[in-house]
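Working notes, beginning with the structure itself.
The values are calculated or read from the model by the stated rules, or taken from the named source; none is laboratory data. These numbers were taken from a predicted model, which means no experiment stands behind them. Cβ atoms come from the backbone with ideal geometry, glycine included; neighbour counts cover every protein chain shown.
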Amino acid sequence: MQRFVDNVLAVIKESVKTFTFEALNNIVRLINGISAILLAFLPGKATILEGIHGWELRPTFRGPRFPRWMENGVSSFNQFVHELSVDSDTSSVDYSSGEEDFDGIHPSTPSSQSSRVSRASTSANYEKHQTGWIIRILCWILFPAKFLLGLPFRIGHFSCSRLPKSHSTPNQHLRLRSIKRVHTLKDHIVHRATDRRRGVIEDLHLAIEIFIEAVFDVVHKAAHCILSPSKAFRIVQKWLSYGSSSTEGIHDDFSDTFMQTATLGENDPAVTERKTTFHQSMNTDARTCQDVITELGYPYEAIHVVTSDGYVLLLERIPRRDSRKAVYLQHGILDTSMGWVSNGVVGSPAFAAYDQGYDVFLGNFRGLVSREHVDKNISSRQYWRYSINEHGTEDIPALIEKIHEIKTSELKLSHPDLDEEIGEDQPYKLCAICHSLGGAGILMYVVTRRIEEKPHRLSRLILLSPAGFHDDSNLVFTMVEHVFLFLAPILAPIVPGIYIPTRFFRMLLNKLARDFNNYPAVGGLVQTLMSYVVGGDSSNWVGVLGLPHYNMNDMPGVSFRVAHHLAQMKRAGRFRLYDYGSAINMEVYGSPEPLDLGEYYRLIDIPVDLVAGHKDKVIRPSMVRKHYKLMKDSGVEVSYNEFEYAHLDFTFSHREEVLAYVMSRLLLVKPTSKEQLNEKAERLKKRQVNS
């Protein structure tokens, strides 16, 4: 009778799964189909999507096949339960490999076991906070099953431990076996539900499957209790005997043991790998710039820099300590240093510069959700109270002075007679490669340092689609400009920074980017609508959202004053400092009007290479040419080049033509005089050896 009931329940369960999943899949197909129809009627989608690699908008037809959870003849839930019961203590599941869909858009770098394991040692408490809400939901779903199994109601607070044999009893072994089984199963459930390779739709699939499994497990246990009353009576009798006063000492031993013993498999590399991946699984991809660099075999160094106004910046480095040529790369708005390494070894400017013999420094502006500051209790309103002024006069000076300090001290250690060799000059050459807002910041830095008669320590600027002039922007930006200019007094106190405030919504955004890739019509529709906002720019905006630095733990944001500053520049048609108002301007600048940087381009005493994108609709080529004209008229040694690319193509896409051009401009910087003498000496030695 029990076997018949089990078979009936199994058939009903799989039928409910099939019906539920097919209904959900049909809804998703309907949404994708409607998106395809809308995309077919939207104008301009061909030019918008033509430059995006990895997008496939053509319909594909497949024959009948099993649902995803039945492809191997068994449900995915039952499959990983079976795998767990067979080799849960010896096997490791690598959830970071086999990611095929995003590789077409942005070549990913392999996940490193060493970097993940190193993060695991300091993340135990953080994991509890990170997964608490999911565990609580699962505990409520599995509450009936826990009751029927006789498990403790707060199993989430226990560690899966091995008790010493001297303290073991049959009841303890039974209890520990149940705790270990359900606790490990719960980890796998949460891991599968939040795996970084999954989007929102896939998470919903698995959540429904978990719920169905939990419900039918309760029904299955209840049916067994009804059909086997003697067995149910023995279970109740065990509960009563376990809860009697004669076992109080055993209960105390349990408490002491759980407090003293370590987690099962804590030192096992396989289990450590699984725990670490579980910590990262809440993200779509939580790798940092450090992970990407070290996983590819390059050296890495992190340097924390404190600005004069208390902001803590991260200066990342791919070090060549003996090199006398260095390069400083500065990202743009809503970006981090990850943009310079996101294309891997082949297509990333940071790795290309290092391979050319440069000491590479990656700067990070202030403006992350984590709010790094010397004042740990700084409020959101205080933290986001900065404009582009602070990027150019606080962030970049602090970063470059730190670079100067590091390079000078290291080269003096390796060359004790350095002071006699170089006189008053610095012992290295420093070039800057900047994108978008980073370009505006570095120009502001050079001009203000020259006005203050302080050294800027730079030998060449390579500016990729630099900000500064925005009078030729599209209708949407014009509307935003009016909003920021007229509503600034009202919005500034209410919205000090523009960012996604909660970890849940940051995770949701990142997972939606995965769904946009899995369902091409939906992704194409979102990409098209986003490109309308930025004036038809053909950059892969949706693909960029899936990059590691747009994750739930941290994400770059935009200060309201930065956006307001850009609106002021657009309205004035000039590249100038932030306008605080006449009264405050007099205190800050000594004049009622802010400083017009374009009028001081004559102070730029180093070569400047300007690069524009023909398909860039965020910073149009006409805006970059305005920089070029003013510099040319001011006598600056400046060059201008234009490529058939869009705004994000300069950093997030593998563009060999742009990369080759940037590297060729770096090589124009002449080495120090001593370096030239060393090169001549080496050439003479080679000739003598050959002769």
Failed condition for G613, given (1) in contact with a Leu (Cβ under 8 Å, 6 or more places away or on another chain); (2) more than 25 Å from L485 (Cα to Cα); (3) surrounded by 21 or more Cβ atoms within 10 Å (Cβ to Cβ): (1)
Region 357-375, residues that are out of contact with any helix residue (DSSP H, G or I) (no Cβ under 6 Å at 6 or more places or on another chain) and either at positive phi or of a type in the set (S, T, N, Q) (or both): G357, G367, S370
Answer residue from region 513-533, given it is more than 22 Å from the chain's Cα centre (by Cα) and among the β-branched types (V, I, T) and is surrounded by the most Cβ atoms within 10 Å (Cβ to Cβ) among those: V522
Test result for V562, modelled with pLDDT under 95, assigned to a helix (DSSP H, G or I) and crowded, with 22+ Cβ neighbours inside 10 Å: no
Condition check for S622: under 16 Å from G439 (Cα atoms), of a type outside the set (V, I, T), assigned to a helix (DSSP H, G or I) and within 37 Å of the chain's Cα centre (by Cα): yes
Close pairs (6 angstrom Cβ cut-off, 6 or more residues apart or separate chains): more than 14 Å from S436 (Cβ to Cβ) in region 638-653, in a loop (DSSP other than H, G, I, E, B) anywhere: E642/H614; E644/H614
Residue within region 471-488 that is outside any helix (DSSP H, G or I), among the small types (G, A, S), touching a Gly at 6+ places or on another chain (Cβ under 8 Å) and closer than 25 Å to A398 by Cα present: no
Scope region 568-585; condition among the hydrophobic types (A, V, I, L, M, F, W, C) and outside any loop (DSSP other than H, G, I, E, B); matching residues: M569, A572, A583, I584
Residue satisfying condition, being buried (at least 19 other Cβ atoms within 10 Å of the Cβ), in contact (Cβ under 8 Å) with a residue 60 or more places away in the chain and over 15 Å from the mean Cα position of the chain (by Cα), within set D359, D291: D359
Test: Y628 is touching a helix residue (DSSP H, G or I) at 6+ places or on another chain (Cβ under 6 Å), under 20 Å from G573 (Cβ atoms), modelled with pLDDT of 90 or more and assigned by TED's automatic domain parsing to the domain that holds A353: no
When residues of region 412-435 are limited to those that are small (G, A, S) and at pLDDT 70 or above, the one nearest to S664 (Cα to Cα): A432
